[in-house]
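These notes are about the structure you will find just below.
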């Protein structure tokens, strides 16, 4: 999704590129769909792991919003990188926490019951 | 009755247990419009509503309480798979059902909780407290399974749910 760094240094090049806009729009639509699925599944199951996965997918979807803000010139290239890498950190943390709590879902269900 | 109202009533008749958003999508009308016609249909008792798991479902009046609850559940792909297994193979142990339809045990238990709650499936325990799953009303269940099929968004939610359980339970 990131343009090559040398292009990124030429603001006009990035902002005006129709390819970049198309990629951001497609990424936005698919990541928002994915996040909506995550939220729908959390609303069904209501466990901590499902909540964390839904939040991770929301963080993922907000990357497209950050890209859109950068393309429209609201965020600078520098802010863009800081925010996107922060979102990466948040996503990884949420997924790791979801995996950690997954064990307690199994216990609730009682898979080892007779 | 206006033409639009007849369309709404017909859709509910052909797709008993349809929920509000799906009605809006299928008929390609504005939500406010659907709301207006549904309200009229409810007041002259052409249509009944029932709420299950945070969603409002609409039914033709001839469906009883058990059928309404069951119709809300047979819109879920995994619940259909569980019922299909029990119809085909008869009473079964939960582990065998989970293996056969390819879902994690936690996915199966979540669906079973609702199927048991609505009296679609019964859990029978033997002397060693081992569970066997039994269909409460096999013929009526078959008929309701034929009446509806899950929409694309419903299938996606169901499959994503299964996928997540598989990933964490491996």
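Only the coordinates and a few stated rules stand behind these numbers; no lab work does. It should be emphasised that the depicted structure is a prediction, and the values quoted were computed from it without experimental measurement. Methodologically, a virtual Cβ is constructed for each residue, glycine included, from the backbone with ideal geometry; neighbour enumeration extends over all protein chains shown.
Scale the Cα Rg of chain B by the rule-of-thumb value 2.2 N^0.38 Å and send over the ratio, two decimals.
Compared with the compact-globule rule of thumb, chain B sits at 1.14.
Order of B:82, B:12, B:101, A:99 from fewest to most other C-beta atoms within 10 Å?
Lowest count first: A:99, B:101, B:12, B:82.
What does the convex hull of the Cα atoms of the protein assembly as shown come to per residue, in Å³, rounded to a whole number?
Residue-normalised Cα hull volume stands at 156 Å³.
Looking only at B:26, B:50, B:79, which one moves most when chain B is put into a Gaussian network model with springs between Cα atoms under 10 Å?
B:26
Among B:75, B:122, A:44, which comes first, second and so on when ranked by fewest other beta-carbon atoms within 10 Å?
So the residues, fewest neighbours to most, are B:122, A:44, B:75.
Kirkwood hydrodynamic radius (Cα pairs, Å) of the range B:3-63?
11.2 Å
Shielding by partners for B:123-133, please: the mean number of other protein chain Cβ atoms within 10 Å of each residue's Cβ.
The per-residue average across the peptide is 1.
By counting other Cβ atoms within 10 Å of each Cβ, how are B:34, A:25, A:74, A:39 ranked from fewest to most?
Lowest to highest Cβ neighbour count: A:74, A:25, A:39, B:34.
Enter the angle in degrees (range 0 to 90, nearest 10) between the Cα long axis of helix B:31-43 and the first principal axis of the Cα atoms of chain B, meaning the one along which they spread out most.
The answer is roughly 90 degrees.
Within 10 Å of each Cβ of A:42-49, how many other protein chain Cβ atoms are there on average?
Taking all residues of A:42-49 together, the mean is 3.
Report, to the nearest 10°, how far helix B:152-169 tilts away from the longest principal axis of the Cα atoms in chain B, using its own Cα long axis and a range of 0 to 90°.
Once rounded, one gets 20 degrees.
Using the alpha-carbon atoms, what tilt in degrees (0 to 90, nearest 10) does helix B:138-147 show relative to the longest principal axis of chain B?
Helix B:138-147 sits roughly 50 degrees off the main axis of chain B.
Pick from B:84, B:102, B:32: which is most flexible by mean-square fluctuation in a GNM of chain B where alpha carbon atoms under 10 Å apart are linked?
It is B:32.
Between the range B:1-53 and the range B:96-160, how far is it from one alpha carbon centroid to the other, in angstrom?
28 Å
Evaluated at 20 °C with a viscosity of 1.002 mPa s, what Stokes-Einstein diffusion coefficient in µm²/s does the range B:75-168 have when Rh comes from the Kirkwood expression over alpha-carbon pairs?
Here the translational diffusion coefficient equals 157 µm²/s.
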